[in-house]
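Working notes, beginning with the structure itself.
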Amino acid sequence: MCGIIGYVGKAEATPILLEGLRRLEYRGYDSSGIAVMNGSSDAPIQTRKRSGRLDNLRTLLTEKPAAGHCGISHTRWATHGEPTDANAHPHNDSSGRLALVHNGVIENYQVLKDHLEEDGHVFHSQTDSEVLAHLVGNAYDASNESDPQRRLVEAVREALHQVAGTYGIVAMHADAPGFLVGARFGSPLVVGLGKGEKFLASDVGAIVSHTTDAIYLRDRDLVCLTEDDFSIENVDGDQAEYEVSTVDFTPEQAEKGEYPHYMLKEIFEQPTSIQNAFRGRLIDDQASAILGGLQLTPRELRDVDRIVLCGCGTASHAAMVGEYLIEHLARIPTEVEIASEFRYRNPPLDKNTLVFVISQSGETIDTLAAMREGQRKGHRVLGIVNSVGSTIARESDGGSYLYSGPEIGVAATKSFTSQVTLLALLAILLGRMRHLSVDAGQQLLKELRELPAKVEKILLQSEHIRQIALKYLDAKGMLFLGRQFNYPTALEGALKMKEISYIFASGHAAAELKHGIIALVSEETPSVFIMPRDSVYEKNVSTLEEVKARKGPVIAITTEGSTELERIADDVIYIPPVSECLAPILAAIPLQLLSYHFAVALDCDVDKPRNLAKSVTVE
Ligand code: F6R
């Protein structure tokens, strides 16, 4: 939530910052702003900010350009204070010579603000972040240090010691031209090392077109940048360790290409992303899978007698499919914990419990906190993560990457199918150490390999699914119903529909319908049944009949060949045949396309749904 980018070098900062903000806009789009300064210590900092989308800032900059070779910028997801111009970042201190951008939440901001106001500071926004700008400015003004760079670093450090909460910040001062100070705690920040230029950003995607040499900062790191140099210490002033990594994706991967939306591009990338999730991980001669990153010996894996899968939103739905998969194939008791609950719930975990945290971004604050809570209790916590170098990837005790490539559309799509694919590999691996037969293992490996071609086949139905969506645009609400492996798929279908088309939708275990939900069935409330031809197919048909008997329109997602459904359902979408336990991977795709086409037809902003942000780095 919120994206920040800073630049210092020889080029004009504004175009670089605007381009970086465009790439970070998925993190928040309530307002944006930049502050730049030129090489002279007499020149004031020029700040431009606007509420609303980045285009508003672009327009402002055309009217009032801001020139300079050093600058900071921010795209906001509002937490404290409405999305107004005044609440947009960067914020200044009382002198107006310091500018600062912040991603995170300062929990004790009100107390600090009261003190500062008593001392005569005047605030211009309702944000928690402006407090930080004043704290740094205050410490700067009170310092005796004669070197302005050193003085700014000391001031940042002093301010950060006073705040409770999370932060990724970048600050600059007019007295120290060409100098940026950044620090992080709980919010991501990455340093980009270019030739004669340096960057700081919330996400490496914002800087990858300039450099592929990056340092992912750790919590409490503090970095100083000039165009030719950098240094990293921690906020206490001690030397900090760091590693220079090479970014593993190209700028083109983070572009929409020929697609109108990132979401559609990412839906269509699934044949490849699913393949990337299992590539090199299927061991034919053992009819098993290998997940080397888990760093667990066969004996340790054999000793696992309980598994906890933790995540938020879509990742928690993938975890639910994982629960069904692991219990079905490996017979190991598995539970799903919503990360935000797990971190405070204090559930009993014994020593043979293996905890996994699942996260596309690897930065979700609740998932990160759940991981740290598990580790605090002495558990080995493993990560299933997409973003290479993210905080969860670095702090977990091992794990596996999805290798899906950047997912930029706010609605998670390819990450869901890759997470489920990876959990299927885990279930096969654990299953083959227990009761899963060679034949069953081989059959699953064969089916995994067939998934990309089957996904291609489903994607060919995009137009058919669009036509279905067009029939139901007046829906008052929608129900998503599935059983067993496809109960979580139903939850995921409902989440997709809600978040991008703003149609109220709820997902349920299909048989729960008659325990209350059926009261919602009406001609204006379509039901989407996820009902491949599996062990509960006939049961689902009966439930579908109950909905039809009450005049509820039905869209059925079923297996090719189940043509009898065309007589009872209003619309049918077919998926190729697949083992029951892998069906959610295929069934999720028509649901993604359905919500996408609904959203486009309803003129919703598909890639940037209202009130949302891709990476939830605040509680
Ligand atoms: C839904 C969606 C969110 C995320 C959730 C977790 O489409 O994108 O529900 O799944 O915020 O995000 P990660 O996986 O990055 O931890």
Practice item. List every residue pair whose Cβ atoms lie under 7 Å apart, where the two residues are 6 or more positions apart in sequence or sit on different chains, the first residue falls within the range 359-377 and is over 20 Å from Pro348 (Cβ atoms) and more than 8 Å from the ligand (Cβ to nearest atom), and the second residue, located anywhere, is of a type in the set (S, T, N, Q) and open to solvent by less than 20 Å² (accessible area, probe 1.4 Å). Key: Ile365/Thr617; Leu368/Thr391
Exercise for review: Run Ile573 past the list (1) under 28 Å from the mean Cα position of the chain (by Cα); (2) at pLDDT 95 or above and report the number of the one that doesn't hold.
Suggested key: (1)
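Here is a yes/no grid of residues against (1) crowded, with 24+ Cβ neighbours inside 10 Å; (2) within 31 Å of the chain's Cα centre (by Cα); (3) of a type in the set (Lys, Arg):
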| residue | (1), (2), (3) |
| --- | --- |
| Leu100 | yes, yes, no |
| Tyr109 | no, yes, no |
| Glu117 | no, no, no |
| Val131 | yes, yes, no |
| Glu145 | no, no, no |
| Leu180 | yes, yes, no |
Revision key, fill the gap. Screening Ala509, Ala440, Ala475 for residues that are assigned by TED's automatic domain parsing to the domain that holds Gln592, more than 28 Å from the chain's Cα centre (by Cα) and away from the ligand (no atom under 16 Å from the Cβ) leaves only Ala475
Review point. If you check Val101 against the conditions, is it under 25 Å from Leu193 (Cα atoms) and without any contact (Cβ under 8 Å) to a residue 60 or more places away in the chain?
Key: no
**Study point:** Scope the range 182-199; condition on the phi < 0 side of the Ramachandran plot and surrounded by fewer than 24 Cβ atoms within 10 Å (Cβ to Cβ); matching residues
**Key:** Phe185, Leu193, Gly194, Lys195, Glu197
Check your understanding: Between a first residue in the range 273-284 that is free of Cβ contacts under 8 Å to residues at least 60 places away in the same chain and a second residue that is in a strand (DSSP E or B), which pairs have beta carbons less than 6 Å apart while being 6 or more apart in sequence or on different chains?
Key -> none
Practice item. Can you work out which of the residues in the range 561-619 that are basic (Lys, Arg) and part of a loop (DSSP other than H, G, I, E, B) is farthest from Tyr472 (Cα to Cα)? Key: Lys614
Review point. Can you name every residue in the range 556-574 that is open to solvent by less than 40 Å² (accessible area, probe 1.4 Å) and either among the charged types (D, E, K, R) or not assigned by TED's automatic domain parsing to the domain that holds Val528 (or both)?
Key: Asp571
Practice item. For Gly96, indicate whether it is at positive phi and in the same structural domain as Thr166 (by TED's automatic domain parsing). Key: yes
Practice item. Just need a number here: residues in the range 6-30 that are aromatic (Phe, Trp, Tyr) and either over 26 Å from His80 (Cα atoms) or open to solvent by less than 20 Å² (accessible area, probe 1.4 Å) (or both). Key: 2
Revision key, fill the gap. Checked the range 150-166 for anything β-branched (Val, Ile, Thr) and either outside any helix (DSSP H, G or I) or open to solvent by 10 Å² or more (accessible area, probe 1.4 Å) (or both); matches are Val163, Thr166
**Study point:** Count of residues meeting criterion [out of contact with any Ser or Thr (no Cβ under 8 Å at 6 or more places or on another chain) and either outside any helix (DSSP H, G or I) or open to solvent by 10 Å² or more (accessible area, probe 1.4 Å) (or both)] in the range 408-432
**Key:** 4
**Study point:** Members of the range 378-401 that are near the ligand (Cβ under 10 Å from one of its atoms) and out of contact with any Phe, Trp or Tyr (no Cβ under 8 Å at 6 or more places or on another chain)
**Key:** Ser387, Ile392
Review point. Can you list the helices (runs of 4 or more DSSP H) found entirely within the range 220-333 that contain at least 3 residues being crowded, with 20+ Cβ neighbours inside 10 Å?
Key: 262-268, 270-278, 313-330
Check your understanding: For Glu450, are the conditions met, namely being open to solvent by 20 Å² or more (accessible area, probe 1.4 Å) and either at pLDDT 95 or above or outside the structural domain of Ala587 (by TED's automatic domain parsing) (or both)?
Key -> yes
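Assess whether Lys498 counts as being surrounded by fewer than 21 Cβ atoms within 10 Å (Cβ to Cβ) and within 16 Å of the ligand (Cβ to nearest atom). Break it down stepwise before answering.
On the way: surrounded by fewer than 21 Cβ atoms within 10 Å (Cβ to Cβ): yes; within 16 Å of the ligand (Cβ to nearest atom): yes.
For Lys498, the condition - surrounded by fewer than 21 Cβ atoms within 10 Å (Cβ to Cβ) and within 16 Å of the ligand (Cβ to nearest atom) - is met.
Only residues that are in a helix (DSSP H, G or I) and either away from the ligand (no atom under 14 Å from the Cβ) or not assigned by TED's automatic domain parsing to the domain that holds Met371 (or both): list them for the range 342-358, please.
In the first step, residues of the range 342-358 are kept if they are in a helix (DSSP H, G or I); the result is 342-345.
Matches in the range 342-358: Tyr344, Arg345.
The values are calculated or read from the model by the stated rules, or taken from the named source; none is laboratory data. Here the structure is a predicted model, which is why all the values come from computation and not from measurement. Please note: Cβ atoms are built from the backbone with ideal geometry, for glycine as well, and neighbour counts cover all protein chains shown. Remember, those area values only see protein heavy atoms, side chains included, never the ligands or the DNA or RNA. Shrake-Rupley method; radii C 1.70, N 1.55, O 1.52, S 1.80 Å.
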